[in-house]
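Presented below is the structure to which this report refers.
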Amino acid sequence: MTMLIHMVGANLLLNSWFSKAMVANPSRKKNGTCLYTCVIRPAAIYGPGEERHLPRIVSLTKLGLFTFRIGDAGVKTDWVYLDNLVLALILASMGLLDDIPGKEGRPVAAGQPYFICDGSPINTFEFIRPLLKSLEYDLPNATLDVSHALLLGRIFWALYTFFYPWLNRSWLPQPFILPAEVYKVGVTHYFSYLKAKEELGYVPVVSPQEGMSATISYWQDRNRKTLDGPTIYAWLYCIIGLSALFCAAFLPAYGPNKLNKAFTLFFLRSITAAQIIFILAALAHVFEGLYAWKLAKRVDPLNAKGWFWQTFALGFFSLHFLLKRAKKQN
């Protein structure tokens, strides 16, 4: 007897007493060996170490790109905590055994699909609110209806279809939103785990409150080990602003820089003033970067080099996050 549990939607195949040789060898069928299978269909997975949903949400929020909710507040979806999912997989593997005394014959789980969740459908944005709040982020107030979100998702889908040959390259960021994600968070869809309860004995052992509490602790610890930083808008402001000021102050008025120089002269009145301001700004960034490095050696030594380069590029936009961390430790 061999078993195979296929977990749909999470790219995971759990094999128990299973090998390629067993499947590849036709003589096994003649000898009566059976391959029993079942399918576990989990809801959206969350918990410490989960790398598919929450890291993307936190990353977008940190960059300032989580700017709107999708759909009505009454939309509900399923989530499943990691421990509950592991329990379901263990119970499913037991449900595929055909040599349990008193239960010989075809296993109860053979050929069956099972929906697995925490059993508490909730609006996705309300679900992640406690996590974001614990990390000192806020949920956006703006709401985008599903039809408009789908249009935006299809635009990114078409754009990333064009970039298909480079999708695995590190320099290409993940798409901002895709149609499938819109349907996941903007349309009510949840299922009952009653079948898994009746046939496998599955009952969630971790409540959503306990699961979110453990997830929050994990993310707070994870954030303490990484650099804090401003949104992408601060990066654009500093990098584009300083670059434009340098070009206006030191480069000849050719092409686009002609308009850039005119714009700079309108505010600063002279090229000399622009040169002085750029030099002072560059020196300020250098000294702020050095101070950040020195402070980080005490507050966050593992990331001291990162704090230097980030503060060198962004100045006080970065430094105030380090000062805030230092204040918390004191």
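Brief remarks follow.
- Each residue in segment 65-85 was checked for being of a type in the set (A, V, I, L, M, F, W, C), assigned to a loop (DSSP other than H, G, I, E, B) and under 18 Å from Ala180 (Cα atoms), and 3 of them qualify.
- Comparison of Lys225, Lys184 shows that the only residue that is surrounded by 12 or more Cβ atoms within 10 Å (Cβ to Cβ) and among the charged types (D, E, K, R) is Lys184.
Okay, residues lined up against (1) of a type in the set (Asp, Glu); (2) in contact with a Cys (Cβ under 9 Å, 6 or more places away or on another chain); (3) farther than 27 Å from Phe68 by Cβ:
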position	(1), (2), (3)
Asp145	yes, no, no
Arg169	no, no, yes
Val187	no, no, no
Ser213	no, no, yes
Lys225	no, no, yes
Leu236	no, no, no
Ser243	no, no, yes
Ala249	no, no, yes
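- Within segment 162-204, restricting attention to residues that are aliphatic (A, V, I, L, M) and touching a Leu at 6+ places or on another chain (Cβ under 8 Å), the residue that is nearest to Arg41 (Cα to Cα) is Ala196.
- Answer residue from segment 281-321, given it is among the small types (Gly, Ala, Ser) and in contact with a Cys (Cβ under 8 Å, 6 or more places away or on another chain) and is farthest from Trp235 (Cα to Cα) among those: Gly315
- The single residue among Leu280, Leu323 that is over 20 Å from Ile240 (Cβ atoms) and either among the aliphatic types (A, V, I, L, M) or within 31 Å of the chain's Cα centre (by Cα) (or both) turns out to be Leu323.
- Only one of Ser243, Ser207 that is free of Cβ contacts under 8 Å to residues at least 12 places away in the same chain, surrounded by fewer than 17 Cβ atoms within 10 Å (Cβ to Cβ), out of contact with any helix residue (DSSP H, G or I) (no Cβ under 6 Å at 6 or more places or on another chain) and not hydrophobic (A, V, I, L, M, F, W, C): Ser243
- Here Ala196, Ala249 are screened, and the one residue that is surrounded by 14 or more Cβ atoms within 10 Å (Cβ to Cβ), farther than 30 Å from Gly119 by Cβ, touching a residue at least 12 places away in the same chain (Cβ under 8 Å) and small (Gly, Ala, Ser) is Ala249.
- Selection within segment 68-101 - in contact with a Leu (Cβ under 9 Å, 6 or more places away or on another chain) and either of a type outside the set (Phe, Trp, Tyr) or not assigned by TED's automatic domain parsing to the domain that holds Ile122 (or both): Arg69, Ile70, Gly71, Ala88, Leu89, Leu91, Ala92, Ser93, Met94, Gly95, Leu96
Let's see how each residue does on (1) modelled with pLDDT of 95 or more; (2) polar (S, T, N, Q):
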site	(1), (2)
Gly255	no, no
Lys258	no, no
Thr264	no, yes
Ile271	no, no
Gly289	yes, no
Asp300	no, no
Gln310	yes, yes
Phe316	no, no
Arg325	no, no
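- The listed residue being within 16 Å of the chain's Cα centre (by Cα) and part of a helix (DSSP H, G or I), out of Pro165, Pro173, Pro130: Pro130
- Residue check, Asp138 charged (D, E, K, R), more than 20 Å from the chain's Cα centre (by Cα), in the same structural domain as Ile40 (by TED's automatic domain parsing) and more than 30 Å from Gly201 (Cβ to Cβ): no
- One residue stands out in segment 98-156 among those that are surrounded by 20 or more Cβ atoms within 10 Å (Cβ to Cβ), out of contact with any Pro (no Cβ under 7 Å at 6 or more places or on another chain) and of a type in the set (Gly, Ala, Ser): the one that is modelled with the highest pLDDT, namely Ala149.
- When Gln275 is tested against (1) more than 14 Å from Leu227 (Cβ to Cβ); (2) surrounded by fewer than 16 Cβ atoms within 10 Å (Cβ to Cβ), only condition (2) is not met.
The values are calculated or read from the model by the stated rules, or taken from the named source; none is laboratory data. Treat the numbers as computed from the prediction; the structure is a model and nothing was measured. Every residue, glycine among them, receives a Cβ derived from its backbone with ideal geometry; neighbour counts consider all protein chains shown.
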